[in-house]
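Notes to accompany the following structure.
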Amino acid sequence: GLSSRLQNVFGKLRGKGKVTEEDLNDAMREVRLALLEADVNFKVVKEFIAKVKEKALGQELQKSFTPGMIIIDIVNKELTELMGGTQSKLAKAAKSPTVIMMAGLQGAGKTTTSGKLALMLKKSNHKPLLVAGDIYRPAAIKQLEVVGSGVGVPVFTLGDQTSPVEIARQGVQHAKDNGLDYVIIDTAGRLHIDEALMDELKQIHEVTKPDEVLFVVDAMTGQEAVNVAQSFHDQLALTGVVLTKLDGDTRGGAALSIKAVTGCPIKFAATGEKIEPLEPFHPERMASRILGMGDMLSLIEKAQAGIDADKAAEMERKMRTAEFTFEDFLDQMEQVRKMGPLDQIMDMLPGMNKMKGMKDMKVDDKQVGRVEAIVKSMTTEEKRKPEVLNHSRRKRIAAGSGTSVAEVNRLIKQFDDMRKMMKQFSSMMGPGSKGPKGA
Ligand code: GDP
Ligand code: MG
């Protein structure tokens, strides 16, 4: 994945005073490859790289204890931004009903998505109507009827002998007459864009004046999806995109390209054949998916919020030179406490969640206080070299700190665990690192 590639690039940079433009170019080459691999349009990639470079050069990379992570963070934020930043909501007409027109190639998932959308609306106490506007595909009407009855949403149809334009017009009227507040018009698709199809869609658009024109696109389609989206957009003025079949193994780079090229926000994501409520699209999650790094980013964010970079770098140096003491441990605990529950953080670290004993290491204020008492009861030698802590020393420390031998033992054990964790943490982010497993 991209994160491990970048860590390799930036691992080489450690110890250098600052990140040069050349270094950055190396990193950007990796980003570029990762994006192309994820099927992002090459023009989009080019513009994107230029933007990220500009942002990255403006940052104080050398001060950061993990420049690679900072770059990934910038890349992720920019990707998220490119896909619309925040979640885009479904349009709502000032005057009911809200008309939603579905468009897209055959097999993209329009009918299935119509059903999911209807279910989503129904679940939020709306009264949707499905309109059977595909009269060409054999059994298309029946398919929508099955979907509709499955979710308990009425389906408006005039059979396959009336024109889809007329069906759509009457469908909207039917909703008005019956107090239904959303009309979802399912339409026909073709394997390729053709004029007859576009003309029909344009007429449906003219007659029903939809508040929302959703372009339904199969995420697996790759590059071609961009051209198709652009043609639909030119003709119909799309208002949003639904990305389907994200349950497959696509990285979803096409999604990013569609948004970048057409400017249309991706509003929903579909992840299965089963009719379940349609899920809003989350740009941030998609960015992580494209970069292939799962929960790494939320971890980095947490770490960045909680850890003082200078302090962490110093701590890491101490770890490596074996200067890490109980006093540092106390300090570290304070930092970890700021990051939030340790077990949560552990869960996000690949390979770390299985580390024994870590789950029990809840760090709270009270605990920090007791640890402080124990550490203060140690001699300087004991703080530096925990190996000397034999039973009688432990007893003395317990008495001096008003705790128990069991508690002192536990702390020493935790100190060891922390050392191990720090080592893993620093090898993950640190020099010459190959990155975490699976990243
Ligand atoms: P339409 O021609 O655009 O109306 O497409 P359909 O709704 O008939 O869907 C075409 C095929 O794709 C059907 O077999 C659906 O079950 C399947 N499908 C639709 N959405 C998804 C999805 O999100 N994931 C998967 N795996 N299959 C989907
Ligand atoms: Mg269909």
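Here's the yes/no breakdown for (1) buried (at least 23 other Cβ atoms within 10 Å of the Cβ); (2) at pLDDT below 75; (3) closer than 30 Å to Ile258 by Cα:
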{"site": "Ser3", "(1), (2), (3)": "yes, yes, yes"}
{"site": "Asn8", "(1), (2), (3)": "no, yes, no"}
{"site": "Arg29", "(1), (2), (3)": "no, no, yes"}
{"site": "Lys55", "(1), (2), (3)": "no, no, yes"}
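Go through the stretch 216-234 and report how many residues are more than 14 Å from ligand 2 (Cβ to nearest atom) and at pLDDT 90 or above. Lay out the reasoning, then the answer.
Within the stretch 216-234, the subset more than 14 Å from ligand 2 (Cβ to nearest atom) is 219-234.
With at pLDDT 90 or above added as a condition, the list becomes 228-234.
Number satisfying all stated conditions: 7.
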| task | Determine whether Glu206 is closer than 18 Å to Ile100 by Cα, charged (D, E, K, R), surrounded by fewer than 17 Cβ atoms within 10 Å (Cβ to Cβ) and away from ligand 2 (no atom under 16 Å from the Cβ). | result | yes
| field | Conditions (1) more than 11 Å from ligand 2 (Cβ to nearest atom); (2) among the aromatic types (Phe, Trp, Tyr); (3) at pLDDT below 95; number of the one not met by Tyr136 | value | (1)
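State all residues of the stretch 198-212 that are assigned to a helix (DSSP H, G or I) and more than 16 Å from Ser231 (Cβ to Cβ); if no residue qualifies, say none. Please lay out each step first, then the result.
Residues of the stretch 198-212 assigned to a helix (DSSP H, G or I): 198-208.
Of everything in the stretch 198-212, those that are assigned to a helix (DSSP H, G or I) and more than 16 Å from Ser231 (Cβ to Cβ) turn out to be Gln203, Ile204, Glu206, Val207, Thr208.
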| Does Gly253 fit the bill of being out of contact with any Gly (no Cβ under 9 Å at 6 or more places or on another chain) and either over 26 Å from Ala196 (Cβ atoms) or aromatic (Phe, Trp, Tyr) (or both)? | no
| task | Determine whether Val242 is assigned by TED's automatic domain parsing to the domain that holds Thr113 and in a strand (DSSP E or B). | result | yes
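Among the residues that make up the stretch 102-113, is at least one of them assigned by TED's automatic domain parsing to the domain that holds Leu256, closer than 25 Å to Thr221 by Cβ, part of a strand (DSSP E or B) and in contact with a strand residue (DSSP E or B) (Cβ under 6 Å, 6 or more places away or on another chain)?
At the first step, the residues of the stretch 102-113 found to be assigned by TED's automatic domain parsing to the domain that holds Leu256 are 102-113.
Add one more test, that the residue is closer than 25 Å to Thr221 by Cβ, and what stays is 102-113.
Pick out the ones that are also part of a strand (DSSP E or B) and you get 102-103.
Now restrict to residues that are in contact with a strand residue (DSSP E or B) (Cβ under 6 Å, 6 or more places away or on another chain): 102-103.
Checking the stretch 102-113: at least one residue is assigned by TED's automatic domain parsing to the domain that holds Leu256, closer than 25 Å to Thr221 by Cβ, part of a strand (DSSP E or B) and in contact with a strand residue (DSSP E or B) (Cβ under 6 Å, 6 or more places away or on another chain).
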| Quick one: is Lys259 under 21 Å from the mean Cα position of the chain (by Cα), of a type outside the set (Ser, Thr, Tyr) and either away from ligand 2 (no atom under 16 Å from the Cβ) or outside any helix (DSSP H, G or I) (or both)? | yes
| Restricting the search to the stretch 189-226, which residues are of a type in the set (A, V, I, L, M), within 21 Å of Ala175 (Cα to Cα) and out of contact with any Pro (no Cβ under 7 Å at 6 or more places or on another chain)? | Leu201, Val207, Val213, Leu214
| Criterion (surrounded by 21 or more Cβ atoms within 10 Å (Cβ to Cβ), at negative phi, modelled with pLDDT under 90 and in the same structural domain as Met198 (by TED's automatic domain parsing)) met by exactly one of Ala270, Ala254 | Ala254
| field | Restricting the stretch 160-187 to residues that are in contact with a Leu (Cβ under 7 Å, 6 or more places away or on another chain) and of a type in the set (Gly, Ala, Ser), the residue that is surrounded by the fewest Cβ atoms within 10 Å (Cβ to Cβ) | value | Ala175
| field | Of all residues in the stretch 96-124 being more than 8 Å from ligand 1 (Cβ to nearest atom) and hydroxyl-bearing (Ser, Thr, Tyr), the one that is surrounded by the fewest Cβ atoms within 10 Å (Cβ to Cβ) | value | Ser124
| request: Restricting attention to the stretch 255-273, report how many residues are under 15 Å from Gly104 (Cβ atoms) and within 14 Å of ligand 1 (Cβ to nearest atom). | output: 5
| Going by the structure shown, is Lys127 touching an Asp or Glu at 6+ places or on another chain (Cβ under 6 Å), assigned by TED's automatic domain parsing to the domain that holds Leu201 and away from ligand 2 (no atom under 16 Å from the Cβ)? | yes
| field | Every residue from the stretch 133-184 that is touching a residue at least 40 places away in the same chain (Cβ under 8 Å), outside any loop (DSSP other than H, G, I, E, B) and within 13 Å of ligand 1 (Cβ to nearest atom) | value | Gly133, Ala140, Leu144, Val147, Gly150, Ile184
| request: May I ask you to verify whether Thr239 is more than 30 Å from the chain's Cα centre (by Cα) and among the hydroxyl-bearing types (Ser, Thr, Tyr)? | output: no
| query | Taking the stretch 194-203 as the search range and keeping residues that are in contact (Cβ under 8 Å) with a residue 24 or more places away in the chain and within 16 Å of ligand 2 (Cβ to nearest atom), which one is farthest from the chain's Cα centre (by Cα)? | reply | Glu200
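The values are calculated or read from the model by the stated rules, or taken from the named source; none is laboratory data. Nothing here was measured: the structure is a model prediction, and the numbers come from that model. Note that each Cβ is placed from the backbone with ideal geometry, even for glycine, and that neighbours are counted across all protein chains shown.
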